[in-house]
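Each value in this text was obtained by applying a stated rule to the coordinates, not by laboratory testing. On a predicted model such as this, the values are computed, not experimentally measured, just so you know. Note that we place each Cβ from the backbone using ideal geometry, even for glycine, and neighbour counts take in every protein chain shown.
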Protein chains: 4
Amino acid sequence: MELWFSENQTKDQKISVRVLEVLYSGKSNYQEIAVYKTAQYGTLLALDDIIQTNEKDEFIYHEMITHVALNTHVNPERVLVIGGGDGGAIREVLKHKSVKKATLAEIDDKVVEVSKKFLPSISCGLEDKRADIQICDGIKYIQEHRNEFDVIIVDSTDPIGPAVGLFSGQFYKMVYDALKDDGIFVAQTESPFYNVDLIKNIHRDLKELFPIVRLYLATVPTYPGGLWTFTLGSKIYDPLNVKSFEDIDTKYYSPEIHNSAFVLPPFVKNIINAR
Amino acid sequence: MELWFSENQTKDQKISVRVLEVLYSGKSNYQEIAVYKTAQYGTLLALDDIIQTNEKDEFIYHEMITHVALNTHVNPERVLVIGGGDGGAIREVLKHKSVKKATLAEIDDKVVEVSKKFLPSISCGLEDKRADIQICDGIKYIQEHRNEFDVIIVDSTDPIGPAVGLFSGQFYKMVYDALKDDGIFVAQTESPFYNVDLIKNIHRDLKELFPIVRLYLATVPTYPGGLWTFTLGSKIYDPLNVKSFEDIDTKYYSPEIHNSAFVLPPFVKNIINAR
Amino acid sequence: MELWFSENQTKDQKISVRVLEVLYSGKSNYQEIAVYKTAQYGTLLALDDIIQTNEKDEFIYHEMITHVALNTHVNPERVLVIGGGDGGAIREVLKHKSVKKATLAEIDDKVVEVSKKFLPSISCGLEDKRADIQICDGIKYIQEHRNEFDVIIVDSTDPIGPAVGLFSGQFYKMVYDALKDDGIFVAQTESPFYNVDLIKNIHRDLKELFPIVRLYLATVPTYPGGLWTFTLGSKIYDPLNVKSFEDIDTKYYSPEIHNSAFVLPPFVKNIINAR
Amino acid sequence: MELWFSENQTKDQKISVRVLEVLYSGKSNYQEIAVYKTAQYGTLLALDDIIQTNEKDEFIYHEMITHVALNTHVNPERVLVIGGGDGGAIREVLKHKSVKKATLAEIDDKVVEVSKKFLPSISCGLEDKRADIQICDGIKYIQEHRNEFDVIIVDSTDPIGPAVGLFSGQFYKMVYDALKDDGIFVAQTESPFYNVDLIKNIHRDLKELFPIVRLYLATVPTYPGGLWTFTLGSKIYDPLNVKSFEDIDTKYYSPEIHNSAFVLPPFVKNIINAR
């Protein structure tokens, strides 16, 4: 069928994916939500016409946004995921037996609902009894919870629209306060090709709060440019000095990948080292 | 201007790039050649409508296809690049002072001509006095040169069209013979998402020839899926055991990246470990 | 939503229409059927990725394929529509009070079913008690009905796929035999820009059967090139000599349009006059 | 080559044409100009990414914007074309032997230059000794020439950008004054599907000036919707009452087409009859 979904990755580049079936499309209070069945990626979730996740390559992003921090922390029991309504991050978090409660703070209940219905292999973690789903503004939620979490993960959309507040120094301060004294924060921080200033600013903002701030990389085929950054801020534990790794079933992450992900090509190193 | 170049990456996915100017387009004896000026990638070279290289991200591919092998070899003096008519690999090879002669065996003189004219920042190495440009069939060339090269690099197009012979076990045998007793072979070996069988076969074929065979990774934004594999076969030197690195100016490659590039996510490891 | 349906009108041209909703998509025994809700055309029906009809401009095609012949005939009582499963031609035929029975011979029951469900403003005529819906091969149907119809209308898809038999001289002979002694045949006969040979052949084939053969034109925005031909073969009545027109409610057709539609630009005249 | 020019006909529809070669592309003082060699239409001229003319179907538009008025006038000697820098209208005007001087008032000399170079079969008339090429603002030009022209033709781009002033009542008054006492005005007036209000307003404005105002139609495949309107205002001669037609060589226009072009489908008639 000649039906194509196009993501305008920039004004000068777009990716088009053949759609076999539109499983869902609608407008929530926050964004346009679409779920497509595609030949290339299986079921694919797009928010405001930006690919968020898909059955084929989601494992990369979800493993990398979670296991690095959870293995860095010696005993993560309370984990908060802000955004991530598809449930993929929660699914990975719950692979860690130490985790007693994994809270999802997602602003858009439609994303949760749609993911539960159409992306069960991703959202399955949301059904776990240790999962605590809060439909709320993550910023408000975090203000009301101080000194509570071992790990906070920001699994947000791009810094436009509903997610814009999740990329500010003000927000990072709240995150810091919501973490326990040995807590770790991690966020997806966009592309080193397209979002140089953003990455630089986040790094600078986090350095004012956390003694340990590190950038790491993974390649997500459906994100613009492929190469993707994550930024981690830690109060005590250094991700480069992890002694023992939990034995979890993964397809992209491994203890070796954990360490090599922090090895940055010079052009990426320059982003965070530049004044 | 609403002028777009589209690469059909698969039958179900395409990438479209806005074209500002068509700098060149024509048919050689081997393929369709186009050079576009784009807003996204600067000048971009496409062969048979497949993006080969571009000013913006070429450094990744060209650094990674060369420096890993050249730093693995203790004293690379004679280097052969098969394909790579844009000159980017030669440019990187010549950054190594030990190299006395770098031969380019490119079948299509039009690619060389067009790259010299429109991609000077990539093709500049071809003007070096140590560069030896041979317009010829790489397979024939290699049959006529035995026990001659320290490093052979296959910088080919995809395994369809003119490059198909460069992915066969028969060809690898010739490569082996053309290498000196401590020689190293490296080739771009496509995507771990889209070319699983190809990567597996190459690995198997090389293992029958070389005692040391290793796969490594880099992310090239303009290649399908981003993540890209290179396969290296070595007679003596192990790329994981490099003692000293030449001090060269690079943007993606570094001694640390050299090592981390060999750290494979489990799903990639499975490709080459599967029977 | 960045969801687009594309029709490859030729290998060098395509039209893309933004899709708001996929109302239906599936494969019947004969073809791929899709019903899209679009901003441009309202609900749109595509068969094998070719636009067949849509709420916005369907009136042109359906009025022009029916009223010319029905007003040319002095007393059309029995009308057969071959193809036309959307029901639009039947709806127009039934505007003529003289018509006692309008038979639809459509090979694909899915087209009828889908049109009834999603295109009620077009398919409404199918609910009329004078409408006789036969799901069958039109060629077989016509062979079994001789000397029976006043008007036969071939409202087919393009001459590829299921409709190819509806464009042959052999078929026209069957049509001739199925018509009464003063019967009239009319068919959509594609574009004078893209289907010159087809139009020429149809004209020649019909001239061997009918004493009066005439080509007429209408502009259908969603068909390639816009300008569209219809060919009419008549045993007795000349469409250029209609004495009285029934008073029917139309948006494109009128008695004046009836006559002016037969005025052909020289380049179209040349198609049917050329040897 | 997978190089495509897209015209966004509306925000919900686009047409894409495969480009074989970019013959010219640049920015003039007024607009973006591109000349593409295409498989579908031969050489094609686009201004601000809107198709203006092409070798394949230009005859329709150029014949219809000229011969209707020139045959309506009993003795057209002085003709003015405003816009029409490609020269197609001038070429047709000069087929009339009565014409002593055909003035082109085109604001953008780049359009003339580019058309002369790349579209010789269209621009050839500009080389005629009776052609008088004025690079100037048509509105200013017409203000300085009163009671001078037998026929004034406005062959403009769409009513956005440089051409917007050519669609106002104020401008039509100047046109009226620049015409002789038996002069005729004609303009391309866009699509009856997409520009209903525009057509209505032009008709109303012209009715306040000219005793005879008539709309006529032709189908131009490369214009949105195919069906296209022209509006003619005449001081004395009625285009529906032409006694003799000059014998000129045409492919779309003919004396019969002259008359049938004024036969409007009811939905078009309604546009100009509606209050």
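Structure above, values below:
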{"item": "Table column - 3J(HN,Hα) (Hz), segment A:100-108, Karplus curve with 6.51, -1.76, 1.60, x for Gly and Pro", "result": "8, 8, 10, 9, 9, 10, 10, 6, 10"}
{"item": "Where Rh is the Kirkwood radius over Cα pairs, Rg/Rh for segment C:163-222", "result": "0.97"}
{"item": "When each of C:Lys100/C:Lys180; A:Lys100/A:Lys140; A:Lys269/B:Lys207; D:Lys14/D:Lys200 is checked by Cα-Cα distance, pairs over 27 Å", "result": "A:Lys269/B:Lys207"}
{"item": "Most mobile of B:Gly84, B:Gly233, B:Gly169 in a GNM of chain B (Cα contacts under 10 Å)", "result": "B:Gly169"}
{"item": "Enclosed volume per residue, in Å³, of the convex hull spanned by Cα atoms of the protein assembly as shown", "result": "207 Å³"}
{"item": "Residues of segment B:74-108 with amide N under 16 Å of a point placed 7 Å along Cα→Cβ from B:Asn241", "result": "B:74-75"}
{"item": "Förster radius 25 Å - calculated FRET efficiency between A:Ser98 and A:Cys136, Cβ distance, rounded to 0.05", "result": "0.50"}
{"item": "Calculated label separations, C:Asp137, copies of the chain, 7 Å along the beta-carbon direction, nm", "result": "5.2, 6.8, 7.0"}
{"item": "Alpha-carbon spread of segment C:58-273, three principal axes, descending order, Å", "result": "43, 37, 36"}
{"item": "Nearest-ten-degree value, helix D:196-207 long axis tilted from longest Cα axis of chain D", "result": "30 degrees"}
{"item": "Furthest towards positive pole of dipole, C:Ser254, C:Ile199, C:Ile152, structure part segment C:132-254, Cβ charges", "result": "C:Ile199"}
{"item": "Among B:Lys14, B:Lys200, B:Lys101, residue whose mean-square fluctuation peaks in a GNM of chain B (springs only between Cα atoms under 10 Å)", "result": "B:Lys14"}
{"item": "Cα gyration tensor, segment C:101-149 - rounded (a/c under 1.5), prolate or oblate", "result": "oblate"}
{"item": "Kirkwood Rh, angstrom, segment A:66-185 [1 / mean 1/r, Cα pairs]", "result": "14.1 Å"}
{"item": "Peptide D:36-47, shielding by other chains (average Cβ, 10 Å cutoff)", "result": "2"}
{"item": "All aspartates and glutamates inside 17 Å of B:Lys251 as judged from Cα atoms, apart from same-chain residues fewer than 8 positions distant", "result": "B:Glu55, B:Asp57, B:Glu58, B:Glu63, B:Glu92"}
{"item": "Inter-copy separations for B:Glu32, label at 7 Å along Cα-Cβ, nm, ascending", "result": "2.2, 2.2, 3.1"}
{"item": "FRET efficiency, D:Asp182 to D:Asn8 (Cβ-Cβ, R0 35 Å, nearest 0.05)", "result": "0.25"}
{"item": "Shielding score for B:15-25, defined as the mean number of other chain Cβ atoms within 10 Å", "result": "5"}
{"item": "Alpha carbon centroid spacing (whole Å) that separates segment A:106-123 from segment A:213-258", "result": "24 Å"}
{"item": "For the A-to-B rotation axis, chain A residue with nearest beta carbon and its distance in angstrom", "result": "A:Gly226, 1"}
{"item": "Rounded FRET efficiency, nearest 0.05, which uses the C-beta distance separating D:Asn29 from B:Asp109 and R0 of 35 Å", "result": "0.25"}
{"item": "Relative contact order, percent, chain D [alpha-carbon distance under 8 Å, six or more residues apart]", "result": "16 percent"}
{"item": "Longest segment of chain A lacking GluC sites (Glu not before Pro) that sit in a DSSP loop with at most 14 other Cβ atoms within 10 Å", "result": "A:1-143"}
{"item": "For segment D:184-204 and segment B:176-205, distance of Cα centres in Å", "result": "66 Å"}
{"item": "Backbone N within segment D:82-115 under 20 Å of label point (7 Å from D:Ile248 Cα along the Cβ vector)", "result": "D:82-106"}
{"item": "Average beta-carbon neighbours from other chains, 10 Å sphere, peptide A:101-112", "result": "0"}
{"item": "Degrees separating the helix D:58-72 axis from the principal Cα axis of chain D, which is the longest one", "result": "10 degrees"}
{"item": "Cα-derived Rg to Rh of segment B:144-247, Kirkwood definition", "result": "0.97"}
{"item": "Anisotropy class of segment B:4-54 from Cα gyration tensor, a/c 1.5 cut", "result": "oblate"}
